[in-house]
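Working notes, beginning with the structure itself.
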Amino acid sequence: MKLHNSSYWLYRVYDINKEAKLEKYHGNLEQYFSFEPTDYLALKKDN
């Protein structure tokens, strides 16, 4: 994301049960958000 930030878009859709809202974020998303891993998922590969 830091190296190729022009390729990154994040679309946030919320309040879909009321009047849906859309927010768009472009570029290095760290300028808008702080990131903290909270969950991990490991799936077995098919070999």
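When Lys and Arg each count +1 and Asp and Glu each count -1, what net charge do the other residues less than 14 Å away from Arg12, Cβ to Cβ, add up to? Here the count lands on 0. Extending 7 Å from Cα along the Cβ direction at His26 and again at Tyr40 yields two label points whose distance is 3.5 nm. Amide H contacts under 5 Å for Tyr8: Gly27, restricted to partners 5 or more places along the chain or on a different chain, H placed in the peptide plane at 1.01 Å from N. Scan [x] 17, 11, 8; [y] 19, 17, 9; [z] 25, 20, 12 for the value of semi-axes √(5λ) of the Cα gyration tensor in Å calculated from this model and give just the label. Entry [z].
Between Ser7 and Glu19, what length in nm is gained on full extension when 0.36 nm per residue of separation is reduced by their alpha carbon distance?
Values: separation 12, 0.36 × 12 = 4.32 nm, distance 2.90 nm.
Stretched out fully, the Ser7 to Glu19 stretch lengthens by 1.4 nm.
Any idea what the dipole of the chain comes to, in debye rounded to 20, about its Cα centre with Lys/Arg Cβ at +1 and Asp/Glu Cβ at -1?
Details: 7 positive and 7 negative charges, 29 e Å.
Using Cβ point charges on Lys, Arg, Asp and Glu, the chain gives about 140 debye.
Bear in mind that the values in this text are calculations on the coordinates, not laboratory data. Because the structure is predicted, anything quoted here is derived from the model rather than measured. Backbone-built Cβ (ideal geometry, glycine too); neighbour counts: all protein chains shown.
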